[in-house]
Amino acid sequence: MIGVIGLGAMGAPMARNLLGAGKEVVVFDVRIESMNPFAALGAELASSAQDVTDRASLIITMVNDDAALQDVLFGPTGVARAGLREKVLVDLSSTSVQLSRHITEWAAQEGGTYLDGAVIGGGATAAQRGRSPIVVAGKAAQADAVAEELASLGTWINVGAAGNAKITKIINNWLVGAMTASNGEALALGAAQGVDTKTLFESLTAGSGESTVLSSYIGSYLRDGTYGPGLISIPMMEKDMALAIALGDETDAPVISAELTREIYRLASSNVGSDRPFPAVGEFFSSVNR
Amino acid sequence: MNDRANSVGFIGLGAMGGPMARNASESGLEVYIYDKVQASVDRAVEWGGISCGTVGEMAEKVDLIVTVLPADAHVLDIAIGDEGIFAHPTPPAIFDFSTIGPWTFQAVSDAAHARGLEAYSGALTKGVAAAEAGTLALYVDNNAQRNVLCMRVIEAISDSVIYTGDSGTSKVVKLINNLVVGVNVALLAEAVSVAHKAGIEPASLLRALELGSSCSFAMKSHFIQYALRDDLGPGRFSTRYIIKDLKIAAEMARLSGMTTFFGSLATAYYRGACATGHANDYYPAVWDWTDAISGVEQTKGTDVKR
């Protein structure tokens, strides 16, 4: 039995894909209404994270942040109450490396396995199609077994020792944030020189300046004036830069571009709007020479 | 009297210009050649290039000269220098593919117009291998479509063209492209170094990121195809060249009150790469410098462990 804790934008389609692949699934979410549709799909509904753990041998957590994961694992009706002995926990939440290390230690003491994971692209759309790119880290043999069991969720790539999946996600988000801001600056420069933006966009995407962030966010904007669905805000991206900076502190690496990109997103927050999706950072550069 | 309708001149027979001239010749054009480097001229004569002793000599024979030169100063000299194209009594039109500032092309264009001629501009992408295969992707100003010889050259050297708009726009597009890729490579180098310092092997990291939202041409080509294989030696687009292009972009920004915050940052990284011995290496060798500053052992681009 596979347990899925967290039925949000990512967790819900994942649970559905597992059921579609013929797996036995038990689900739990603190919001009861998220669980209801799954009864009709053939899933068992649990009463708590502890209940999920009693029934499942492989547990996937997909919650919002450290606080939520702490509660799911170590709270009054959490996973720890049932114990992780001979069970596997795969956490795909956007949580910290530090918490990851703490969970690794705890799992080892319990005689269970913890695999640290992260979804590094594709959003809810890829999740719905079972095409999420997922990085996983921890004991190699266990990671391989889990990747096979959960193949219906997407492509799994092993990135080494526990904690490395969260680090990979931090690296990924650092690059996404920095490239999105730098693309915005480059496009603003092109526009100021009198080149048609659509022509410039086509030229870059056909050339060496191509990237997924350019095609997705600017592509979307040129099509319909919006940057795309489900994007985090400018202040949230500033927080992601702060995570990259924290990684620099932990590893004694300068992370120069993360420091400076954070400042750019902070400027954009007040200049462009703190409720705007993060690719709107480009609009900050368009305003520079007014 | 030569067949002017079927003739074209090429000035600049380097890594890109040489193969371009050859492809023009193989397409049936009579190709006149000029380069300051004798070895380049000799190579071109072997495939039938007709050597000219001076720019003036070439200007006698052709109605269009294609220029593929390293920098603004070279283009100005060849076009409007004392012994340049437009100094000639009956100059041909010019089709310049050099990566230069739009103001430099403007000066060339003004000189051409003053002589009653057109100046055409384009830019090259996809590198040396594509130049040799005749499969370059080009950015070209719209007005080239009105010149038969320009179109024949385009046909001979490329397999895709994007027409960018008014005169000089192809230069801007090229500079913006090189700004974007120059920044992407620098950002990626630093991120991969930090991940490595944190314990993630670059090959594993890149294999993962390639499937995710930070994927880019720079990741797939500059890093996975070249840098991961340590194929970063001299002979490709060097660190010096990317610095040159980033500085032109920075000047473009300065002149229009805009910024190249990230371009300037990347330029600093590439100077670091020059400082650590990579000036002539393929510019993704900046990864060696980001490894150095991140405390990861450096081994790239040369055989020297530092």
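The values are calculated or read from the model by the stated rules, or taken from the named source; none is laboratory data. All values reported here derive from a predicted model rather than from experimental measurement. Counting neighbours? That spans all protein chains shown, and the Cβs are built from the backbone with ideal geometry, glycine included. All accessible areas refer to the heavy atoms of the entire protein, side chains included, with ligands and DNA or RNA removed. Shrake-Rupley method; radii C 1.70, N 1.55, O 1.52, S 1.80 Å.
Filter region A:130-181 for residues that are away from chain B (no Cβ under 12 Å) and hydroxyl-bearing (Ser, Thr, Tyr) and give the result.
A:152
What about residue B:96, is it open to solvent by 50 Å² or more (accessible area, probe 1.4 Å) and farther than 21 Å from residue B:28 by Cβ?
Numbers: open to solvent by 50 Å² or more (accessible area, probe 1.4 Å): no; farther than 21 Å from residue B:28 by Cβ: yes.
No.
Scan region A:85-93 and give yes if some residue there is closer than 25 Å to residue A:177 by Cβ, within 13 Å of chain B (Cβ to nearest Cβ) and either acidic (Asp, Glu) or in contact with a Gly (Cβ under 6 Å, 6 or more places away or on another chain) (or both), otherwise no. Don't jump to the end; show me each part of the working.
Restricting attention to region A:85-93, the residues satisfying the condition of being closer than 25 Å to residue A:177 by Cβ are A:91-93.
So of that shortlist, the ones also within 13 Å of chain B (Cβ to nearest Cβ) come out as none.
No; the residues of region A:85-93 include none that is closer than 25 Å to residue A:177 by Cβ, within 13 Å of chain B (Cβ to nearest Cβ) and either acidic (Asp, Glu) or in contact with a Gly (Cβ under 6 Å, 6 or more places away or on another chain) (or both).
Pull up region B:176-192, narrow it to residues that are facing chain A (nearest Cβ under 7 Å) and among the polar types (S, T, N, Q), then point me to the one that is nearest to residue A:195 (Cα to Cα).
So the residue we want is B:177.
Restricting to region A:182-201, and then to whatever is among the aliphatic types (A, V, I, L, M) and open to solvent by 30 Å² or more (accessible area, probe 1.4 Å), can you tell me which residue is farthest from the other protein chains (Cβ to nearest Cβ)?
Among them, the one singled out is A:191.
Any residue at all in region B:144-167 that is open to solvent by 10 Å² or more (accessible area, probe 1.4 Å), at the interface with chain A (Cβ under 10 Å from one of its Cβ atoms), in a helix (DSSP H, G or I) and not hydroxyl-bearing (Ser, Thr, Tyr)?
no
For residue B:195, state whether it is in contact with a helix residue (DSSP H, G or I) (Cβ under 7 Å, 6 or more places away or on another chain), in contact (Cβ under 8 Å) with a residue 12 or more places away in the chain and either at the interface with chain A (Cβ under 7 Å from one of its Cβ atoms) or open to solvent by less than 10 Å² (accessible area, probe 1.4 Å) (or both).
Working: in contact with a helix residue (DSSP H, G or I) (Cβ under 7 Å, 6 or more places away or on another chain): yes; in contact (Cβ under 8 Å) with a residue 12 or more places away in the chain: no; either at the interface with chain A (Cβ under 7 Å from one of its Cβ atoms) or open to solvent by less than 10 Å² (accessible area, probe 1.4 Å) (or both): yes.
Answer is no for this residue.
Does residue B:206 satisfy the condition of being free of Cβ contacts under 8 Å to residues at least 60 places away in the same chain and buried (at least 18 other Cβ atoms within 10 Å of the Cβ)? Step through it out loud before you land on a result.
Working: free of Cβ contacts under 8 Å to residues at least 60 places away in the same chain: yes; buried (at least 18 other Cβ atoms within 10 Å of the Cβ): yes.
Considered against the rule, which asks whether it is free of Cβ contacts under 8 Å to residues at least 60 places away in the same chain and buried (at least 18 other Cβ atoms within 10 Å of the Cβ), residue B:206 comes out as yes.
Please find, among A:260, A:267, the residue that is within 13 Å of residue A:178 (Cα to Cα), open to solvent by 40 Å² or more (accessible area, probe 1.4 Å) and of a type outside the set (Lys, Arg).
Exactly one residue qualifies, and that residue is A:260.
Can you pull out the residues in region A:150-181 that are of a type in the set (A, V, I, L, M, F, W, C), outside any strand (DSSP E or B), within 17 Å of residue A:13 (Cα to Cα) and open to solvent by 10 Å² or more (accessible area, probe 1.4 Å)?
Filtering region A:150-181 for residues of a type in the set (A, V, I, L, M, F, W, C) gives A:150-151, A:153, A:156-157, A:159, A:161-162, A:165, A:167, A:170-171, A:174-176, A:178-179, A:181.
Within this subset, residues satisfying the condition of being outside any strand (DSSP E or B) are A:150-151, A:153, A:159, A:161-162, A:165, A:167, A:170-171, A:174-176, A:178-179, A:181.
From what's left, within 17 Å of residue A:13 (Cα to Cα): A:150-151, A:153.
A:151, the sole residue that qualifies.
Would you please name the residue that is surrounded by the fewest Cβ atoms within 10 Å (Cβ to Cβ), looking only at residues in region B:224-270 that are within 13 Å of another protein chain (Cβ to nearest Cβ) and in a loop (DSSP other than H, G, I, E, B)?
B:257
Does at least one position in region A:217-229 carry a residue that is open to solvent by 40 Å² or more (accessible area, probe 1.4 Å) and within 13 Å of chain B (Cβ to nearest Cβ)? Break it down stepwise before answering.
Residues of region A:217-229 open to solvent by 40 Å² or more (accessible area, probe 1.4 Å): A:221-226, A:229.
Add one more test, that the residue is within 13 Å of chain B (Cβ to nearest Cβ), and what stays is none.
No, that holds for no residue.
For region A:152-170, name all the residues that are in contact (Cβ under 8 Å) with a residue 40 or more places away in the chain and over 12 Å from residue A:115 (Cα atoms).
A:152, A:153, A:167, A:168, A:169, A:170
Restricting attention to region B:233-252, and to residues there that are out of contact with any Asp or Glu (no Cβ under 9 Å at 6 or more places or on another chain) and of a type in the set (Val, Ile, Thr), which single residue is farthest from residue B:282 (Cα to Cα)?
Ranking the candidates gives B:243 first.
Go through region A:55-67 and give me each residue that's in contact (Cβ under 8 Å) with a residue 40 or more places away in the chain and of a type in the set (A, V, I, L, M). Talk me through it step by step, then tell me what you get.
Step one: of region A:55-67, the residues in contact (Cβ under 8 Å) with a residue 40 or more places away in the chain are A:55-64.
A:56, A:58, A:59, A:60, A:62, A:63, listed by residue number.
Quick grid of which residues meet (1) within 30 Å of residue B:143 (Cα to Cα); (2) within 11 Å of chain A (Cβ to nearest Cβ); (3) part of a loop (DSSP other than H, G, I, E, B):
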{"position": "B:174", "(1), (2), (3)": "yes, yes, no"}
{"position": "B:200", "(1), (2), (3)": "no, yes, yes"}
{"position": "B:206", "(1), (2), (3)": "no, yes, no"}
{"position": "B:218", "(1), (2), (3)": "no, yes, no"}
{"position": "B:222", "(1), (2), (3)": "no, yes, no"}
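For region A:64-76: of the residues being out of contact with any strand residue (DSSP E or B) (no Cβ under 7 Å at 6 or more places or on another chain) and open to solvent by less than 60 Å² (accessible area, probe 1.4 Å), which is nearest to residue A:4 (Cα to Cα)? Even if it seems obvious, please write down each step before you answer.
Initially, region A:64-76 is screened for residues out of contact with any strand residue (DSSP E or B) (no Cβ under 7 Å at 6 or more places or on another chain), giving A:64-68, A:70-71, A:73-76.
Checking which are open to solvent by less than 60 Å² (accessible area, probe 1.4 Å) leaves us with A:66, A:68, A:73, A:75.
Working: A:66: 17, A:68: 14, A:73: 13, A:75: 17 Å.
This residue is A:73.
Would you confirm whether any residue within region A:104-117 is within 13 Å of chain B (Cβ to nearest Cβ), outside any helix (DSSP H, G or I) and closer than 21 Å to residue A:173 by Cβ?
yes
Every residue, every condition in (1) small (Gly, Ala, Ser); (2) surrounded by 19 or more Cβ atoms within 10 Å (Cβ to Cβ), yes or no:
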{"site": "A:88", "(1), (2)": "no, yes"}
{"site": "A:96", "(1), (2)": "yes, no"}
{"site": "A:99", "(1), (2)": "no, yes"}
{"site": "A:106", "(1), (2)": "no, no"}
{"site": "A:128", "(1), (2)": "no, no"}
{"site": "A:132", "(1), (2)": "yes, yes"}
{"site": "A:139", "(1), (2)": "no, no"}
{"site": "A:145", "(1), (2)": "yes, no"}
{"site": "A:148", "(1), (2)": "no, no"}
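Could you list, in sequence order, the residues of region B:24-56 that are of a type outside the set (A, V, I, L, M), surrounded by fewer than 23 Cβ atoms within 10 Å (Cβ to Cβ) and not in a loop (DSSP other than H, G, I, E, B)? Give the derivation first.
First, pick out the residues of region B:24-56 that are of a type outside the set (A, V, I, L, M): B:25-28, B:30, B:32, B:34-36, B:38, B:40, B:42-43, B:46-49, B:51-54, B:56.
Then keep just the ones that are surrounded by fewer than 23 Cβ atoms within 10 Å (Cβ to Cβ); that gives B:25-28, B:30, B:36, B:38, B:40, B:42-43, B:46-48, B:51-54, B:56.
Answer for region B:24-56, where residues must be of a type outside the set (A, V, I, L, M), surrounded by fewer than 23 Cβ atoms within 10 Å (Cβ to Cβ) and not in a loop (DSSP other than H, G, I, E, B): B:25, B:26, B:30, B:38, B:40, B:42, B:43, B:46, B:51, B:56.
Got a number for residues in region B:113-132 being touching a residue at least 60 places away in the same chain (Cβ under 8 Å) and open to solvent by 10 Å² or more (accessible area, probe 1.4 Å)?
So the first thing to find is which residues in region B:113-132 are touching a residue at least 60 places away in the same chain (Cβ under 8 Å), and the list is B:124, B:127-128, B:131-132.
Cutting the leftovers down to open to solvent by 10 Å² or more (accessible area, probe 1.4 Å) gives us B:124, B:127-128, B:132.
Qualifying residue count, region B:113-132: 4.
If I ask for residues that are out of contact with any strand residue (DSSP E or B) (no Cβ under 7 Å at 6 or more places or on another chain), more than 14 Å from chain B (Cβ to nearest Cβ) and not in a loop (DSSP other than H, G, I, E, B), which ones from region A:230-279 would you list?
Within region A:230-279, A:234, A:235, A:236, A:238, A:239, A:242, A:269, A:270 qualify.
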